[in-house]
1. What ranking do 111-117, 463-469 get when scored by the average of other Cβ atoms within 10 Å per residue, highest first?
2. Let me know the Kirkwood hydrodynamic radius for the chain, please, with Cα pairs as the basis and the value in Å to one decimal.
3. What is the dipole size for the chain, taken about its Cα centre, with +1 at each Lys and Arg Cβ and -1 at each Asp and Glu Cβ, in debye to the nearest 20?
4. So how tilted is helix 497-507 from the main axis of the chain? Cα-based, degrees 0 to 90, rounded to 10.
5. Can you tell me the convex hull volume per residue for segment 526-593, based on C-alpha atoms, in Å³ to the nearest whole number?
6. Using packing as a proxy for protection, rank 260-268, 196-204 so that the peptide with the highest average count of other Cβ atoms within 10 Å comes first.
7. Can you compute 3J(HN,Hα) from phi for each residue in segment 236-250, using the Karplus curve 6.51 cos²θ - 1.76 cosθ + 1.60 with θ = phi - 60°, rounded to whole Hz and x for Gly and Pro?
8. Pull up the cross-link candidates among the lysines for residue 111, meaning alpha carbon to alpha carbon under 17 Å and not fewer than 8 places away within one chain.
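Taken together, the values in this text are just the output of simple stated rules run on the coordinates, not laboratory data. Just so it is clear, the structure is predicted and the values come from calculations on it, not from any experiment. When we count neighbours, we look across all protein chains shown, and the Cβ atoms used for this are built from the backbone with ideal geometry, even at glycine.
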Amino acid sequence: MTSYIPTGNEAVSLPTIRETDGGIETVSFLYMAQKGLVELRGNAREPLILPFVQELDPDHAAEGLAFSDLHWTRSGYWIPEMTAAANGVRLTVSYLSPIAERGFGLRLTIKSEQAKTLRFGLKGHWAGAWHCVNEEKKLEGTLHCYESGWNDSLIFDMRCGFPLFAFAPMADREVRSSYVCKEDGVSYALSLDCELKANVSETLTVWWGVGFEEVAAATSAKEMLRRGWDWEYAKTAAWLQARTHEMPTPKLTEIYNTNLFFCIFYATGITLDTEELICATSRSSRYYVSAAYWDRDTLLWSFPAILDADPKLARQILGYIFGRQRRNLGVHSRYIDGTVLEPGFELDELAAPIIALVSYVEKTGDRAILTDSMQDAIAEILEKLTAVRHPSVDLYETFLQPTDDERVYPYITYDNMLVWMALSGLSRLCPEKYAACAEQAANVKQAIYEHCVFSDAEGKPYFGWSVDLNGHHDVYDEPPGSQQLYPYYGFCSAEDEIWQNTVRMIRSPDYAYSFAGQPIAEIGCPHAPYPWVLSICNSLLCGHAVQAWRELEQIRMDNGIACESVDPVNGVCMTGAAFATCAGFLCHSMRVAAKGDKP
């Protein structure tokens, strides 16, 4: 399976930089009018962008160098750099997606042990654009490539009767541009010939701008060119450094910061056409439900990590949630514009906005966010909660579980714990306005202990997963919403006998989805029957941090990026690659656990 080194910024994602040769298979950006992601792609023969070096003979016939001995690093845990060697020539390629710019850049540096005549630069093939929201479909339209006076180079654009988008390269040295338009797309090359002296390096920087049409794309590249590589690099490095957090070991520090920046840049983004901040499961189409919005994923998983690292961004996220997404809070999944993607009610998702809002205000002290509009939104959530409350028992029903799969019984204990948390939080947030919420929270907690606790064959009490209030329940747990988290959320203490028995059952080798005894001794579920990375997060937070730290030191995941589930032996990704919101919860769990149990 191909390994990738992702990077990107608010506007542009580079999710598939190939570890084998440094080729960029895809470049993507968010598009509000299309409710999701637009992805530019190469084809099976050639990626969208590929660095190359050719050796020229006296007649300038070119022979491509096949580079080997590839080595990758990440500056600031986010800026990839590749070094490779071939025939005495060393190539270094840096991939920079500058903060607050509509584009990205590649800097190529070549150096030779002997004097040589070389040609180097970028080439590739643009096969078209794909629309990605869970599924992907190729966009129908015409592809164009032409020379433009705006950048003395090439413009690529797609038109569907009118311009849909454009992208354009701009180099810091005079390069030769060539292109061929065919039925299967556009092949191009940007190259520079040089007489390379022994042990003296030559450098070429190519900026790529993206925009609605050619002027926007070309000037986006020109802005970065004018600023220069050093300026853009320093600005971005400083931004990354300000959010970098040290963990107890170098390996854990790398995992934390790489996943933090993957969460920030792949679970949020700015749309190309309306320049709005949005939130999504992942801006990488490698994740199987990409470029769509879930309340739970954003607010319970990625939001805590972003609040830890960047409270200003966290406030913007709340503005998006209580703005664009407000109308359909609690509905299974939505497009980035807030309209319904997949219908189905989820109680955990209805509680999540209040939980996130409370955590933000309590951490930052920013009460200015509690506007009249915000208060109206809270009232709407409480009204929706009331509609799903049992007529005589203080429990609330749901249709879908935290995995988004249909529940067995309507009253899920974990979900009702979140309701307790949300109501308790509101009563602390505005006691004069939500005093009744404190009483209702206490009623919910009492109802959980009265109706959701059962006894095993030895008479030991435990929390059932879901109940129907007619004597039926199931013994179960899900990594996306685990009962192991009750003490972390403050519902009970870690000394609570019922909770301890529940956790013991879940983690027992006898439990159907436990991988106890394996190197990655975590929990799965039918949705993905392997150990979940979210289960590692749960372990970090529920008193099993020593085990989780050990797993993180050896786990591979998706080439170091959080995924849905992993192989129980080697920890390599099995399902859900490029899972950006999970990356956020992994970071937050590590940060919380590092304050207590140390690896």
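1. Details: 111-117: 15.1, 463-469: 21.4.
Top to bottom by mean Cβ count within 10 Å: 463-469, 111-117.
2. Numbers: mean 1/r = 0.0392 Å⁻¹.
Over the chain, the inverse of the mean reciprocal pair distance is 25.5 Å.
3. Details: 50 positive and 78 negative charges, 234 e Å.
Using Cβ point charges on Lys, Arg, Asp and Glu, the chain gives about 1120 debye.
4. Helix 497-507 sits at roughly 40 degrees to that axis.
5. Values: hull volume 5.2 nm³, N = 68.
Looking at segment 526-593, the number lands at 76 Å³ per residue.
6. Numbers: 260-268: 27.4, 196-204: 14.6.
Ranked by mean Cβ neighbours within 10 Å, highest first: 260-268, 196-204.
7. Listing the rounded values in order: 5, 4, 5, 4, 5, 4, 5, 10, 6, 10, 7, 10, x, 9, x Hz.
8. 197
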